[in-house]
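In what follows, a structure is listed as structure tokens, so that the remarks can point back to it.
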């Protein structure tokens, strides 16, 4: 159940400065931070940057607008980056989208912007915006862009990409990119039309932005020389390389720190210094008279009825600010705050009231926190909150009362907060039995290929699921009532890392995880299926059943369990019998406790650069019975960016060894029937430059080496050393997973031994056929397969096989890292043939 969130006093229709800070350490303001925030209070202008994916945004421009101009700046990303590759771990699809969402929020914390999304799902690379908009559901995503504009009320919108498809950019431009700009151009006008998406007007007003720009560069025009000749009368040149003495950093250094948060995509960036020009081309609206993006737009408090006196007060506060005694600014800030509260309700009142409340708290060095005694709880469970409030200034402030939201539990204090003396309070509360789980809201409903399902309008666009459990501190600051809210969090003291925060989660009482993401049966022999039960609360007793489809059989039918402690785990093993014929099916663990049933698994995403993410997902996994044969049994796998292929190969009976430096000796390599290089190994593993000669010698001496896709950029070895014969990696890819696959060499062993490959083996592929195919290669290579997207020339470089000495070298750009974990039968059969080439099938 999703409740109307305004019931709890959450201001969801604007993004406040606390947005995206779930489970982060409380911000510890410096005097410089406070002074900059006071300046921002006196600038009433907003900007919306629009692109398609995490990492598309221009962090230099966002940082400049946020820190240099002091504008309210947000980045609208059409997707959460679910279709990309992952350089920090094995997560792909929706789990990668969660990582990239958190990376974006981390980037915004560094560059000062805010973050928004649409419901569009990153379904993978798209070569044309028409395809993108068909899969995305154009009208629904357009409504989300209109919603973002109406919520954010930007004076200016800046598109990262050009809004018209151009043949000259074919193959270079992602369809998602062009589509994001097309939608922005269209929404620029529609946001002001009350007849368009009128259901949104229950929550927001119509809005007409003043200007729409395209953030262009020389790249768009083909070369720097060509760009010099372009008429720039409709462009602004913005120097984003400014230096901020108060921060001790240039804007471009801040932008580099922000961009480096995109770690899963390998976008670490070095800071730069000195002048740096950005160009923005006017698409709609009026051209500024000067060089400033906001020239001609009223960005003072006079744009708000009754706001002029506020601007005068804040100007005086800015000019008289004391770095050694920030609390001396409270009188002026409180006077401005009183006037802001009296304004008619509207966008700028909501934005600036939230901001000034945080600035006032910062001037008092007010530390306010509510910490749960555990990182999670279930519905109906009692929890204990440790609440701390301390005023570390000479300010006159008292705590009037505390409220535990959403219960409305109110405790009266009327206690003066003396300088630097902490007030601590412990409170036990019972969570409602209908509390929502703290799951990523866009994953709560079944999604389509290109769209997440989010029924609640007020949730659309939010970066995270709003936390319902909060503490509201009702204060009296120099005689003026003021409230601040803090999410309930969990923290612990780690012996190495010190104070560690984690989001507080509302969870199911029990989770059931099946150990594998897919089970593949190469014959009729049964396999053990291990289910791990974990208690989300204490004292659980019930039954566990492994549900399956017709033709499959599990033993035993049910088992009893008892979990006495929260966090306790028990494993239960079922024997799963496949059918005789080839089959694809699903199995799901069903947990029954009394009258309640549960089929949810828990997924923990834990990386140092983002807050720990807990996801409750459907516990079902795929099971596949495949008609498959294989030669060889022992495989060495050198991991690249991270993938799940080793586990997939073990499913069909291979013994897989994950190789590291100490394994890369000639004698050890010769013990393997095949050496497989993981996804983007040559882009991510520096040490391969020391091992490549040994690997090629292994092939020369009779081994089989399978190299999966890499990109031509950032290779750790020269491209000419990648293979025993020359080949060149391109950006060629086949994005349509149903694209026809043609056999260039029907009699080639890799298509016939030990499995006879047919067109049917390419049914059921997911997301794409392949990516970054070579487009040039030595005649020693035999191209085996050909495929292409509609309207394009054949791409023949997806599977290249070469005899080298006594062995075989195979380079393949087909997306095995997606197909094998997805349990695609034909992908397993063809991969087994690659490993088996040149070998005899063993009885």
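No value in this document is a laboratory result; all are computed from the given coordinates. Keep in mind the model is a prediction, meaning the values are calculated, not measured. Glycine gets a Cβ as well: all are built from the backbone with ideal geometry, and neighbour counts include every protein chain shown.
Here are a few things to note about the model shown:
- Distance between segment 320-345 and segment 533-570 - C-alpha centres, whole angstrom: 58 Å
- Ellipticity estimate at 222 nm from DSSP helix runs (n ≥ 4, -39,500 (n - 2.57)) divided over the chain, nearest 500: -6000 deg cm²/dmol
- Cα gyration tensor category, rounded, prolate or oblate, for segment 508-625 with a/c compared to 1.5: oblate
- Take every Cα pair under 8 Å whose residues are at least 6 apart in sequence, average their separation, divide by the length of the chain, and the relative contact order is 10 percent.
- With Cα atoms, 0 to 90° folded angle of helix 347-363 axis to the chain main axis: 80 degrees
- The convex hull around the C-alpha trace of segment 723-823, projected and averaged over every direction, spans 6.6 square nanometres.
- Helix 93-111 axis versus longest C-alpha principal axis of the chain: approximately 40°, rounded to the nearest ten.
- Contact order relative to length of segment 555-688, as percent, for alpha carbon pairs under 8 angstrom and 6 or more apart: 20 percent
- Cα gyration tensor shape of segment 45-298, rounded if a/c is under 1.5, else prolate or oblate by comparing a/b with b/c: rounded
- Normalised size of segment 395-523, defined as Cα radius of gyration per 2.2 N^0.38 Å with N residues, equals 1.51.
- The label point for residue 555 and the one for residue 39, both projected 7 Å from the Cα toward the Cβ, are 7.5 nm apart.
- Projecting label points 7 angstrom from Cα along Cα→Cβ for residue 599 and residue 194 puts them 4.7 nm apart.
- Per-peptide average of other Cβ atoms within 10 Å, ordering 330-337, 395-402 highest first: 330-337, 395-402
- For the pair residue 476 and residue 627, a Förster radius of 51 Å applied to the C-beta separation gives a FRET efficiency near 0.10, rounded to the nearest 0.05.
- For residue 218 and residue 275, the FRET efficiency from 1/(1 + (r/R0)^6), where r spans their Cβ atoms and R0 equals 22 Å, is about 0.90.
- When each of the peptides 797-808, 370-381 is scored by the mean number of other C-beta atoms lying within 10 Å of its residues, the order from highest to lowest reads 797-808, 370-381.
- Antiparallel %, DSSP beta bridges [both residues in segment 45-298], to 5: 40 percent
- Euclidean distance of C-alpha centroids, segment 55-117 and segment 690-718, integer Å: 34 Å
- Quarter of Cα convex hull surface for the chain, i.e. mean projection, nm²: 37.5 nm²
- Whether segment 591-700 is rounded, prolate or oblate, judged on the alpha carbon gyration tensor where a/c under 1.5 counts as rounded: oblate
- Take every pair of alpha-carbon atoms less than 8 Å apart whose residues are at least six positions apart; their mean separation over the length of segment 729-843 yields a relative contact order of 32 percent.
- Taking the DSSP bridge list for the chain and keeping only pairs wholly inside it, about 75 percent are antiparallel.
- Separation of alpha-carbon centers, segment 773-843 and segment 617-664, rounded to whole Å: 17 Å
- Tilt relative to the chain, helix 688-700 - C-alpha long axis, 0 to 90 degrees, to 10: 20 degrees
- Convex hull (Cα only) mean projected area of segment 585-653, reported in nm² to one decimal: 7.9 nm²
- For the pair residue 792 and residue 328, label points projected 7 Å from Cα toward Cβ lie 6.5 nm apart.
- Base-10 log of normalised Debye intensity for segment 634-836 (one unit scatterer per alpha-carbon) at q = 0.14, 0.15, 0.17, 0.18 Å⁻¹: -0.76, -0.89, -1.18, -1.36
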